[in-house]
Structure formats: structure tokens, C-alpha cells
Amino acid sequence: MTEESAVLVATEAEDATADLVIARLNERGVPVVRFDPADIERGALALSARFGARSAPVAGRVRTPSRALDLTRVRAVYWRRPQWPTYVGLGRGDARYAAAHVRYGLGGVLRALDGPLWVNHPSREAAADYKPAQLALARRLSLDVPPTLVTNEPAEAREFITTYGLVIHKPLRATPYERDGVRLAGWAEPVTAEEIDDSLRSAPHLFQARVRKVADVRVLVVGRRLFAVRIDSGLLDWRRDYSALTYTVIGLPPALVSALRAFLEYCGLESGSFDLALDTEGRHWFLELNPNGQWGWLEGATGLPLSAAFADFLTRGEAA
């Protein structure tokens, strides 16, 4: 591979969304080096970086089985869905030690790079992923936010539910897990005061007054480009059944567009996916931001040039 500047794409092995962006970058003739931090565990990723030389703050290379890239030639980093190694073949203590050194070694070198565009920088993405902070920021930006309670006090939860009547419980963070060998996912679910017991005390929970919505809206922002899609389903949580969804490309009120862009700017993010609820009066209610949300299926369903917008932004720092 030549020393032309390239886009680093950090993601897991199976990532259809990243595949779309890489295909668009290939069409533009932009070199791409794709890697997953987990590859280092099996010897499929190598990194060398030097510090202290007069020529550059950091110099070195990252190598995969098919590519090698000078670290001074990184044009942009697309931090998509990287997986970190677990070192299952090592003892617990050694595995923790090795995994930590990958995070702070590989991760530290990437953070030391001077100049490349990040979509998105992992530190800023992680900071933006806290739902309570998102809700507070949304109100500061004058977005409509449903009344929400975060608590581990049963009496507070019961009072909130009694006050608002129709209330949902939703995870503070998407955390797939298994119970008795069955894979579970956290959906937005209706909840009643009678369901609240002392088990609530074990961790904070999020309760939210239910919006009388007629549809959901997913908004993807890439740089200055914004794409909004209305999702009709009749479901409380549309993610439960993608086969029940219909899509319509829509425009948004200018004030809402400005607020969503300001939201990402405040968080230091170049891209993000917003979930909104559209009510019977035409108001858009802020539900959450996913700093690194899935959008690949929307391109196929709507024909929107989402992957092209990402490729343009990673290439030039702007979406065409």
C-alpha cells in the first residue's frame, strides 16, 4: 500500500454498516485500513509508535495482514464498533492486565495522533452516552422532553407513576445479557405502580411519562448534513419488530434542526442518531441520542445517501 493518507476504520469483523461506508470510500479512491482491536489477541494486528523525536510528536505504523499505514498519514478515524480482546486463554489476572494494556496502549497511541478527524472520538462518545445528561442538555436547548424520573427509591417511582398515569420503564443503557441461557434485551415497557417493589433499590431505573405519539422519528446527523425518517409502526418500542415498520423521509422544523446540531456540537461529536417521538399535535419529543447508532438498514429502506455522506465527511471533513 502507498503512503497516501488513509481512513482508519475500527470495527468488529461483521459490520454491515461499516461495509457500506468502506464501499463508498473505495469508490472515491480513498485508501482504507480496517482493523479491530480484538485482532491483536490472535496476532492479526500490530502496532509500533515512537515518541520524543524532533520530526513528529508520534511516529510509527499500524499493520494488519493486508495493510500497513504510517501513523502520520491517518486522514480520519471512523470509530465504529470496535471490540476489545478478552484473552480467554489466560488466567483472570493476566487477561485483565493484557486487555488493559491494549486499551491504554493501542487506544493511547490513536488518541495521540495529531490532526485526523474522528467520527466519533471515543472519549467524547462515551461522555455523550449518559441518558440523564442527554435529557438535561436537551432541555437547555429548549427541546421538548417527557417528564422523566431516575431513581432507585420505590416510593419515588410509585408517586411518579401515579402522577403521570401512563408511564414507561426503559434501560439507562442498552446492555444485552442472558438469563438462564436466554438472551435478553431491554425494551421500553409500560409499568404500573403495583409492579414496583424493593428490588428497585439495587440500581437506578429510568421512568418516563408516555408520549401520545403517532410515529417515531430517527434523525441521523453527519457533519452538517441531517437526514430525518418518520417510522410508523403502532409499537411502543419500534425496535421490537422491524418487519412492522414503514418509513417516510421527512423535513424538520428549522428550530429543531438547529437544536440537534447544537446538541452534537456541545458533545463534541461529528455524528449521532437521535430518536424523537411525534405526538398528535405535531410536536417532536426528544427521547435520546445514540452517539454511534445503527443506520445501515435505513439506507436500503429509504434510498437516502447515508453511507455516501459518511464517506464524503471522512474524506473531506464535510458531507457533500
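Those residues that are among the hydroxyl-bearing types (Ser, Thr, Tyr) and touching a helix residue (DSSP H, G or I) at 6+ places or on another chain (Cβ under 8 Å), I need them from the stretch 195-247; list them, please.
Passing the criteria: 233, 242, 247.
Tally time: how many residues in the stretch 42-54 are buried (at least 17 other Cβ atoms within 10 Å of the Cβ) and not in a loop (DSSP other than H, G, I, E, B)?
2
Considering only the stretch 215-239, state which residues are more than 11 Å from residue 284 (Cβ to Cβ), without any contact (Cβ under 8 Å) to a residue 60 or more places away in the chain and in a strand (DSSP E or B).
Of everything in the stretch 215-239, those that are more than 11 Å from residue 284 (Cβ to Cβ), without any contact (Cβ under 8 Å) to a residue 60 or more places away in the chain and in a strand (DSSP E or B) turn out to be 221, 226, 231, 232.
Just give me the residues in the stretch 211-244 being among the hydrophobic types (A, V, I, L, M, F, W, C) and surrounded by fewer than 17 Cβ atoms within 10 Å (Cβ to Cβ), in sequence order.
Matches in the stretch 211-244: 214, 235, 236, 244.
Looking for something among the hydroxyl-bearing types (Ser, Thr, Tyr) and farther than 25 Å from residue 128 by Cα - is there at least one such residue anywhere in the stretch 261-276? Give the derivation first.
Of the stretch 261-276, the ones among the hydroxyl-bearing types (Ser, Thr, Tyr) are 266, 271, 273.
Right, trim to farther than 25 Å from residue 128 by Cα and you get none.
Scanning the stretch 261-276 turns up no residue that is among the hydroxyl-bearing types (Ser, Thr, Tyr) and farther than 25 Å from residue 128 by Cα.
Run residue 65 past the list (1) at pLDDT 95 or above; (2) surrounded by fewer than 13 Cβ atoms within 10 Å (Cβ to Cβ); (3) closer than 30 Å to residue 308 by Cα and report the number of the one that doesn't hold.
Failing condition for residue 65: (1).
Please find, within the stretch 262-320, the residue that is surrounded by the most Cβ atoms within 10 Å (Cβ to Cβ) out of those that are over 14 Å from the mean Cα position of the chain (by Cα) and on the phi > 0 side of the Ramachandran plot.
So, considering only residues that are over 14 Å from the mean Cα position of the chain (by Cα) and on the phi > 0 side of the Ramachandran plot, the one surrounded by the most Cβ atoms within 10 Å (Cβ to Cβ) is 317.
With the checklist (1) assigned to a strand (DSSP E or B); (2) farther than 22 Å from residue 296 by Cβ; (3) touching a Lys or Arg at 6+ places or on another chain (Cβ under 9 Å) in hand, flag the one item residue 33 doesn't pass.
(2)
How do the helices (runs of 4 or more DSSP H) wholly within the stretch 108-214 filter down when requiring 1 or more residues that are closer than 30 Å to residue 6 by Cα: which remain?
Correct list: 122-127.
Conditions (1) touching a residue at least 60 places away in the same chain (Cβ under 8 Å); (2) assigned to a strand (DSSP E or B), marked per residue:
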{"residue": "21", "(1), (2)": "yes, no"}
{"residue": "24", "(1), (2)": "yes, no"}
{"residue": "29", "(1), (2)": "no, no"}
{"residue": "40", "(1), (2)": "yes, no"}
{"residue": "56", "(1), (2)": "no, no"}
{"residue": "62", "(1), (2)": "no, yes"}
{"residue": "65", "(1), (2)": "no, no"}
{"residue": "80", "(1), (2)": "yes, yes"}
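Only one residue in 113, 90, 117 is touching a helix residue (DSSP H, G or I) at 6+ places or on another chain (Cβ under 9 Å), hydrophobic (A, V, I, L, M, F, W, C) and closer than 30 Å to residue 286 by Cβ. Which one?
Numbers: 113 fails: closer than 30 Å to residue 286 by Cβ; 90 fails: closer than 30 Å to residue 286 by Cβ.
Answer to the check: 117.
The values are calculated or read from the model by the stated rules, or taken from the named source; none is laboratory data. None of the values given here were measured: they were computed from a predicted structure. Virtual Cβ from ideal backbone geometry, glycine too; neighbours counted across all protein chains shown.
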